[in-house]
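One structure is given here, and the rest of the page talks about it.
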Amino acid sequence: GDTVLAAGSEYGNIHLWAVWREEDNDDAAAYAAGRRAARAKGKTQPIGLPEAGKAKTAAQRIDRVCPPSCGAPRPHFAKKLERWEGTHDFVQSILALPNGQVISGGDDGKINVHTIGQLERSASLDEHASAVMCLATIDHGETLVSGSVDRTARIWDLRAGQSTMTLDGHSRSVHCLTASKANPLGSQIIFTGSRDHSIKLWDPRTARCQHTLLGHVGSVTCIGADGWKLISGGGYNRGPDDDEVISVDSSLRCWDLRRLGGGEPACLWRLHVPSPAAHLVYPDGDPVLSLQLLEDKVITSHGGKKWTARIWDLESLHHHGATRGGLLRPPPPSSSSLSASCSPFLRMGCLR
């Protein structure tokens, strides 16, 4: 099916695009073949960024590399599917499901469900007392999990439109969550990260906290889980009024879930992410705003004066973490690649 991108704005609007459609696969293959043929004839050159004052449109740059005479169609890349206006006063979190539903969480504490092709929302869930900062699904998309500034996470039956359990245990707002299986035969685990600097592991069958991971010295802004690996990112350490920034936790941490309950520390390594030298804002480094965990890599985005995206090789981090006692020095920002990533279930939101 199509790969969709959902985004929410501070004006309360939701936008949905098809960033890659099935018919684009053939177009992309033909385009790639055309470029290879043109390259073989010496008619192509690498795409480069335009010089200052000589900016060209993306289409002009592509024509320069593979002009229309190469005979290959170019993929369309994106098509606007939907726009829902005024769904919230401020969209804080969003999640697109493969069944065509788009779920959003707002500053007003409400969770709204929209369906592609329908103008009006199909459901509204309003049991949170404050902003809904993060969303995820379990049980093949039939169950929703949400995290809120009201310090709780909730489990929802999407078909019934009701909250079935409350995960209560954090002392400050819940800013990120995910769900995964520590092993293929085990049950799912819900992971929540909070402004109280902790990560909690929950059994969704009982709503009980099974473990608490400590080590971050700022808000846990993002987490990703895959098998035994859990990766977390740190952010601002704010005062009790949730406004003043006292310090910044600019670390990425890797946790080995197989060590939980044993005698070994669960944290395998800690990676400090410095600010680019020319754009130093926080002496402690740049806060980690989001992460996406792939099989062997982690893609992260960072705040600061110069916002950056970075790609980290997990195998390299595991190796150096084992030999350097868990404190890593990452490659300089100039050597890190910039990238964007999409998936059929891509989520975009405001993570702090």
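The values are calculated or read from the model by the stated rules, or taken from the named source; none is laboratory data. Quick caveat: nothing in here was measured; it's all calculated off a predicted structure. Note: ideal-geometry Cβ built from the backbone for every residue, glycine included; neighbour counts use all protein chains shown. Remember, those area values only see protein heavy atoms, side chains included, never the ligands or the DNA or RNA. Shrake-Rupley method; radii C 1.70, N 1.55, O 1.52, S 1.80 Å.
Figures for the structure shown
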| read-out | value |
| --- | --- |
| Amide H contacts under 5 Å for residue 222, placed H, 5+ residues apart | 233 |
| Sequence of 122, 163 from largest to smallest accessible area, 1.4 Å probe | 122, 163 |
| Point-charge dipole on Cβ atoms (K/R +1, D/E -1) for segment 85-324, about Cα centre, debye to 20 | 660 debye |
| Using θ = phi - 60° and Karplus 6.51 cos²θ - 1.76 cosθ + 1.60, couplings along segment 146-151 (whole Hz; Gly, Pro as x) | 10, x, 9, 5, 6, 6 |
| Column: log10 I(q)/I(0), Debye, Cα scatterers of segment 85-324, q = 0.13, 0.16 Å⁻¹ | -0.81, -1.20 |
| Alpha-carbon Rg with Dmax, taken over segment 151-278, Å | 15.4, 53 |
| Cut-off under 5 Å, modelled amide H: who pairs with residue 151 long-range | 174 |
| Other-chain or far-sequence residues with amide H under 5 Å of residue 9's (modelled H) | 91 |
| Accessible-area order (highest first, 1.4 angstrom probe) of the listed residues 272, 140 | 140, 272 |
| Solvent-accessible area of residue 238 with every protein chain in place, 1.4 Å probe, in Å² to the nearest 10 | 40 Å² |
| Percent accessible area from carbon and sulfur atoms, segment 68-219, protein chains only, probe 1.4 Å | 46 percent |
| Vicinal HN-Hα couplings computed from phi for segment 98-108 (Karplus, 6.51 cos²θ - 1.76 cosθ + 1.60; Hz; Gly/Pro x) | x, 7, x, 8, 10, 10, 10, x, x, 4, 7 |
| Karplus-derived 3J(HN,Hα), 6.51/-1.76/1.60, for each residue of segment 214-225, Hz, glycine and proline x | 10, x, 5, 10, x, 4, 8, 8, 7, 9, x, 10 |
| Separation between Cα centres of segment 214-239 and segment 98-167, rounded to whole Å | 23 Å |
